[in-house]
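Throughout, read-outs are computed from the coordinates displayed, never taken from laboratory work. Worth saying up front: this structure is predicted, and the values here are computed from it rather than measured. Backbone-built Cβ (ideal geometry, glycine too); neighbour counts: all protein chains shown.
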Amino acid sequence: MRTLAIAILLAGTPALAAGDDAAMGRRVQDLLHAHQAEVFGCVAQANGTVKGEMLVRVMVGPDQHPAKADVLKDQTGLVALGPCLQSKMQKWDLAPLEAAAGAQVVFPLVFKPEALQTG
């Protein structure tokens, strides 16, 4: 079985004070980890080698679900990956982020195919 390593960078949001950045980074990382099967599903559907960085910005809605998800940066070169991730993220429960409605949270993903392992 092949496993693609996804390094998840920590990112703060402009809506938070500097002291909250590390805690928010951990919550973002935990949420991405909880939804890793969906991320890997999008990677599996991509036609080609998934490599590079992608930043997806999510605006927290009043019901703690995304009001909007936008790809801010996509270095993967695979046009289907961004829309797939946006579609999946639109359904996520963002309550674990502890962010206020209207807050913008950036989900940074780094895809490293050279970290593939066989098992």
So, in nm, how far is label Ala37 from label Lys91 when the simple model puts each one 7 Å beyond its Cα toward the Cβ?
1.1
Label points 7 Å out from Cα along the Cβ direction at Ala100 and Asp21: separation in nm?
2.0
Could you order peptides 104-113, 64-73 by the average number of other Cβ atoms within 10 Å of their residues, highest first?
104-113, 64-73
Applied in sequence order to segment 53-69, the curve 6.51 cos²θ - 1.76 cosθ + 1.60 (Karplus, θ = phi - 60°) yields integer Hz couplings, x standing for Gly and Pro, of 9, 9, 10, 10, 9, 10, 9, 6, x, x, 9, 6, 10, x, 7, 6, 9
So, with points 7 Å from each Cα along the Cβ direction, the Thr49-Val79 label distance in nm works out to 2.2
